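Asks: First the structure, which I've put down as structure tokens, then a few questions once you've had a look.
The values are calculated or read from the model by the stated rules, or taken from the named source; none is laboratory data. Please read all numbers here as calculations on a predicted model, not as lab measurements. Cβ placement follows ideal geometry from the backbone for every residue including glycine, while neighbour counts extend to all protein chains displayed.
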Amino acid sequence: MSNNITETDILKAIDELMAKGIEPTQNKVRDFLGRGSRGTIHKYLSEWKKDCLQKGLKEGSEVPGNVPQIIEEKRILELNYKNKVAQLETYSKELIDSEKSLIEQKSENMGLKIELEKTKKELQEVISQKDKFESLFNELRAERGSIFDKISFEKDKIINDLRAELKTVHEITWKEITDIARNEETRLIDEKCKVIYLNDEVKILKRKNQDLTISNQDFQQKFIKLTRELNYYKKMVETLISKDSQEQFHEEHFTGGFDLVREFL
């Protein structure tokens, strides 16, 4: 059966639902028809409700005698209609988004199926290669056992030959090594004697350095003492002698003392 429906199909379904006392909605109309796009049903259902409101009729009923009540019902229906339209628009957007998402998922699933088939083929190739590698590995294992036995035999022979050669070399060079060790021991004793002699010389130089340090300290103390005395005498002279007689007094009484200090310095 085709999934396409017409306006006539939708209006017929609405009339039958109204005759049964069922409020026609998008889902109920689609369930009644058993087919059809939700977008198409929403379109013609909205037009039918709008037409009913414009005529001032309640859905599926005749014109009543009480006009104010009809107007109030019309106002309520218009309000409900606006709310329903807003809801239906939201549902339509969600449905469109869902259909887009479904299409994308179908496309993605198709790509995954292709990848799965490709992976299966690759897996079969890997299994085939695995069997080949196992067969080759078994052959290599058997060959390795044979090679290992041969290498082990040759290794033992080489080790025995090397041991014999090392024993011969050891016997030949042992005497030479002993002679070299004795000569080195003699040289080591001579070097130790030289070190002892140099240590004694260092001790003597250290003692001389200590004596010079002590003498230098005594000299510095004497120099400081003389400097203090010289400063004292200068201050005393400056205090006792006036500017006019300072030069004569200096020449008569202190020239000799200053000369001694200069000689000392």
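Asks: Just give me the residues in region 40-72 being surrounded by fewer than 14 Cβ atoms within 10 Å (Cβ to Cβ) and modelled with pLDDT of 85 or more, in sequence order.
Replies: E47
Asks: Going through region 19-28 one residue at a time, which ones are surrounded by 14 or more Cβ atoms within 10 Å (Cβ to Cβ) and either over 59 Å from the mean Cα position of the chain (by Cα) or within 17 Å of E89 (Cβ to Cβ) (or both)?
Replies: First, pick out the residues of region 19-28 that are surrounded by 14 or more Cβ atoms within 10 Å (Cβ to Cβ): 24-26, 28.
Residues satisfying the conditions are P24, T25, Q26.
Asks: List the number of the failed condition for N27; all other conditions in (1) out of contact with any Ser or Thr (no Cβ under 9 Å at 6 or more places or on another chain); (2) modelled with pLDDT under 85 hold.
Replies: (2)
Asks: Out of curiosity, is L140 at negative phi, surrounded by 11 or more Cβ atoms within 10 Å (Cβ to Cβ) and without any contact (Cβ under 8 Å) to a residue 12 or more places away in the chain? Show your work before the answer.
Replies: On the way: at negative phi: yes; surrounded by 11 or more Cβ atoms within 10 Å (Cβ to Cβ): yes; without any contact (Cβ under 8 Å) to a residue 12 or more places away in the chain: yes.
Yes; evaluated as a whole, the condition is true for this residue.
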